[in-house]
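Student: Before I ask anything, here is the structure I am working with.
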Amino acid sequence: MECDYCERRCRLGPESFGYCKMYRDEGGRATERFPDKWCAYGISRVETIPFYHAWPGARCLVVGTAGCNFNCRYCSNSEVVKVDPAGLMDVMLDIAPASLVDKARKHGCHAIVFAVNEPTVSLPTLARVADEARRAGIVMGCLTNGYGTPKSTKQLGEIFSFLNISLKGLSREFCVDYLSIPDAGPILRNIEALAATCHVEVTTPVIEGVNDHELDDMAAFLAGIRRDIPWHVFRLLPEYRMREEDYPSIEVVSAKVEAVGKRLDYVYFHNFIGSRWVNTLCPSCGAVAIERHSLGCGGDKLDTFHAAGGSCPLCGGRIALHGDHVAWNAKEATA
Amino acid sequence: MTLAILDARQWQQTVDLRSGRPADANGPLVPMVGEVLGRHPFPGDRDDASNAWVTDTALDFVRHYDPGFAFLSYSQQYYSSRYGALPPEVRRAYVDNAFAEAARFARESGMTTVLVGTGELVPAADAIDLEDLDGLAVSSNWCAHYAGIYNPSRRDLERLSRHPHITRVVSKKDILEQFGGGPDDGSRLPDHMAVAARGCYFKGTSLRRLVMIPEPSDVIPVSQNLGPAPTILDIRPRLLDLLAAGNRVALAIIEGVGCSEFPAPYTTCENGKDWLRYEPGDAQFLAISTGRHPIFQHNGGYRYYLDDGERKPYPFSGYFKELPDGVIGKAYPGRSIAVGNRSMFMHVCTGCDVTCECFARNLYNQGLMAVLFRQDKAVS
């Protein structure tokens, strides 16, 4: 049978598991091989993931499973993502959806965020977590590469109310060489579809001299959907098969980001310590509406929130936000 | 204001350490420190050149600041062994390299260099899964042997006490009694602490598979040039004695190495108190640096994320929301430096005038951070 979770559309059999190795054919249905198995969970700030415009300040239970449908040269989590999931089962955590949600509650979390690997490879488990989370009043978000089929992308949008989609590159050459996918068409289609129903932020890791010439086209694409889609331009952290390569120049990339950034209301340049490009400025008057610290992939932090009610503190103009500002220990009392 | 210089490779930003906000880079040491950072990009926690980076960077500071005391950490062999299945000869080579780098520092700086091993590593044999407690179990990526237990049910406590891989469950009340704490000292202690048996670890939140974990050792080796130090708390006063006698002294922490692999003549010192044995980490660094057991503040079971809210002070200091007092760098009146590949511990746990650390979090290499606690000594 053909798997319809992602656009690879792998052939599945009882003992053939597709590119991500997370599904099998069970009686004509694509079935998860490792339901309710988690590689890790941890407590994190929503800004770390990063979400800058969803539930600012919220404490999140960050979770992940195993496997991925991409093979990015610079994968940051290759020790979980690039190995056969079957070989990880002795160290995976076995937590049923209700228990995972209960764990989020005990830790005083406002949200559960799937952020280690690709959610499309564990969609049935995540759907059951979402059912439990909804009953508990816990919201759910995720990072995704956006390479799902239309059917699974619709389901992704039903499970998660806020998503950060990675738009890594546009050219076919880049997609083949750096991601091992044929083209970015499905990703562009899914960004548009998800932005119509959910809160969407977009992240682009920049590799100097490789995909930085596409920044203007990416900004134009996003602006064509909505100017207020927050765009996170990442300085690439060379990992995995790019570990020996140079770090991109912050001066060079920041100049390019500033040149194209006028197309969008909220453009950030970070993923390195001390970035100066992580505050939210009011699109109308330029006042600082939300202040943050950048700690690189170790996690960004909310410093001060000035945008009460989604309004600029200076001119009262609209600051696009999904959800309210959440005090960090707000849920401790009920944990 | 205490300045921190963040170096993300070919790009630096100076901030106020306490607020984390950009600050004017002024003071007599700022240009020199920025240049040292620029000359020594960090190769990575597990990179073969990581320990050489410590020596090279520290020697650069010695040339330009002439300190009387240096606090160094060599940690590459610890990180590599913790997460990688190393053949014995590779492990041996890494340990040899750490000591060779400490020796190179001693030779080229001319400082009396005291070596301290932080204890043996053993294979990570059995994981302890506490996911189905009625209460909450908290363990961290970097602490294998201790878990904080919150709101346990009677069933939880019975289960923990019968668990074959847990040696002890200690109540908050008992910890306070054993370590001389008063009623105000328990706010960062969990309701109970569970202690894992040798070779066992609490299944934590790490993405990476643990290969070797701290024993943790009853005793740790200290090179004989320090003189007798019966317990870990005695290292600090002995170092201060050497410094007061006019010696230029370096302390080199060699992580993940116990008596069995220590190549220099050594004496042993107790690595804890009662049931507590230190793993390489914040509590062990602080015990060495302050001469006190820091269990009330740093115990492996505290829910550190409670402190991590908006406007948290010291945002570039990890989970620390205040800098510990009584650290050795503050007690020494002469010039001091700290350099190490043990990230934030170098500035938080040493208090030296100028500290330089890798800004690596969970082994991701973000660059470097230097903290300038004292610039006034540069002109004295």
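The values are calculated or read from the model by the stated rules, or taken from the named source; none is laboratory data. As the structure is a prediction and not an experimental result, all values here were calculated from the model. Because the Cβ atoms are built from the backbone with ideal geometry, glycine has one as well, and the counts that use them run over all protein chains shown. Only protein heavy atoms, including side chains, enter the accessible area calculation; ligands, DNA and RNA are left aside. Shrake-Rupley method; radii C 1.70, N 1.55, O 1.52, S 1.80 Å.
Student: For the range A:323-335, which positions are away from chain B (no Cβ under 12 Å) and open to solvent by 50 Å² or more (accessible area, probe 1.4 Å)?
Tutor: Residues satisfying the conditions are A:Asp324, A:Ala333, A:Thr334.
Student: So which helices (runs of 4 or more DSSP H) stay within the range B:12-109 end to end and still have 2 or more residues that are among the basic types (Lys, Arg) and within 30 Å of B:Leu240 (Cβ to Cβ)?
Tutor: Once the helices (runs of 4 or more DSSP H) in the range B:12-109 are filtered for at least 2 residues that are among the basic types (Lys, Arg) and within 30 Å of B:Leu240 (Cβ to Cβ), what remains is B:88-109.
Student: OK, next. Just the residues that are assigned to a strand (DSSP E or B) and more than 14 Å from chain B (Cβ to nearest Cβ), please, taken from the range A:15-62.
Tutor: If the condition is that a residue be assigned to a strand (DSSP E or B) and more than 14 Å from chain B (Cβ to nearest Cβ), then A:Ser16, A:Tyr23, A:Arg24, A:Asp25, A:Glu26, A:Arg29, A:Ala30, A:Thr31, A:Glu32, A:Ala54 are the ones that fit.
Student: Which residues, counting only those in the range B:120-130, are open to solvent by 30 Å² or more (accessible area, probe 1.4 Å) and either polar (S, T, N, Q) or touching a strand residue (DSSP E or B) at 6+ places or on another chain (Cβ under 7 Å) (or both)?
Tutor: Of everything in the range B:120-130, those that are open to solvent by 30 Å² or more (accessible area, probe 1.4 Å) and either polar (S, T, N, Q) or touching a strand residue (DSSP E or B) at 6+ places or on another chain (Cβ under 7 Å) (or both) turn out to be B:Pro123, B:Ala125, B:Asp126, B:Ala127.
Student: Which one of these is without any contact (Cβ under 8 Å) to a residue 40 or more places away in the chain and open to solvent by less than 10 Å² (accessible area, probe 1.4 Å): B:Leu160, B:Leu136?
Tutor: B:Leu160
Student: Which one of these is surrounded by fewer than 19 Cβ atoms within 10 Å (Cβ to Cβ) and not aromatic (Phe, Trp, Tyr): A:Pro56, A:Pro35?
Tutor: A:Pro35
Student: Identify, by number, the condition in (1) out of contact with any Gly (no Cβ under 7 Å at 6 or more places or on another chain); (2) more than 12 Å from chain A (Cβ to nearest Cβ); (3) surrounded by fewer than 24 Cβ atoms within 10 Å (Cβ to Cβ) that B:Phe61 doesn't meet.
Tutor: Every condition holds for B:Phe61 apart from (3).
Student: Please go through (1) surrounded by fewer than 22 Cβ atoms within 10 Å (Cβ to Cβ); (2) closer than 18 Å to B:Ala287 by Cβ; (3) modelled with pLDDT under 95 for B:Arg342 and return the number of the only condition it doesn't satisfy.
Tutor: With respect to (1) surrounded by fewer than 22 Cβ atoms within 10 Å (Cβ to Cβ); (2) closer than 18 Å to B:Ala287 by Cβ; (3) modelled with pLDDT under 95, B:Arg342 is out only on (1).
Student: Within the group A:Cys312, A:Cys285, A:Cys297, which residue is within 11 Å of another protein chain (Cβ to nearest Cβ) and either open to solvent by less than 60 Å² (accessible area, probe 1.4 Å) or not charged (D, E, K, R) (or both)?
Tutor: A:Cys297
Student: Between a residue in the range B:28-45 that is away from every other protein chain (no Cβ under 14 Å) and open to solvent by 10 Å² or more (accessible area, probe 1.4 Å) and any residue that is outside any loop (DSSP other than H, G, I, E, B) and aromatic (Phe, Trp, Tyr), which pairs come within a Cβ distance under 7 Å, given they are 6 or more apart or on different chains?
Tutor: Cβ pairs passing all conditions: B:His40/B:Trp53.
Student: Across the range A:218-264, what is the number of residues that are touching a residue at least 60 places away in the same chain (Cβ under 8 Å) and more than 28 Å from A:Asn77 (Cβ to Cβ)?
Tutor: So the count comes out to 1.
Student: Which helices (runs of 4 or more DSSP H) does the range A:92-166 wholly contain that include 2 or more residues that are within 17 Å of A:Tyr41 (Cβ to Cβ), open to solvent by less than 30 Å² (accessible area, probe 1.4 Å) and touching a strand residue (DSSP E or B) at 6+ places or on another chain (Cβ under 6 Å)?
Tutor: Helices (runs of 4 or more DSSP H) meeting the threshold: A:123-136.
Student: Restricting to the range B:1-11, what's the tally of residues that are assigned to a loop (DSSP other than H, G, I, E, B) and within 12 Å of another protein chain (Cβ to nearest Cβ)?
Tutor: Residues meeting the conditions: 4.
The rows are residues; the columns are (1) at pLDDT below 95; (2) assigned to a loop (DSSP other than H, G, I, E, B); (3) surrounded by fewer than 19 Cβ atoms within 10 Å (Cβ to Cβ); (4) not acidic (Asp, Glu).
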position	(1), (2), (3), (4)
B:Ser260	no, no, yes, yes
B:Cys269	no, no, no, yes
B:Ser289	no, no, no, yes
B:Ile295	no, yes, no, yes
B:Asn299	yes, yes, no, yes
B:Gly309	yes, yes, yes, yes
B:Lys321	yes, yes, yes, yes
B:Ala338	no, no, no, yes
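Student: Still on this structure: Would a scan of the range B:6-24 turn up a residue that is under 25 Å from B:Leu286 (Cβ atoms), touching a residue at least 24 places away in the same chain (Cβ under 8 Å) and open to solvent by 10 Å² or more (accessible area, probe 1.4 Å)?
Tutor: yes
Student: How many residues, within the range A:180-199, are over 16 Å from the mean Cα position of the chain (by Cα) and buried (at least 22 other Cβ atoms within 10 Å of the Cβ)?
Tutor: Looking only at that region, the number is 2.
Student: I'd like to check something: does the range B:186-205 contain any residue that is under 30 Å from B:Gly135 (Cα atoms), open to solvent by 30 Å² or more (accessible area, probe 1.4 Å) and in contact with a Pro (Cβ under 7 Å, 6 or more places away or on another chain)?
Tutor: yes
Student: While we're looking at this one, here's another question. Could you list, in sequence order, the residues of the range B:77-110 that are open to solvent by less than 10 Å² (accessible area, probe 1.4 Å), touching a Phe, Trp or Tyr at 6+ places or on another chain (Cβ under 8 Å) and farther than 30 Å from A:Lys37 by Cβ?
Tutor: Selection gives B:Gln77, B:Ala98, B:Ala102.
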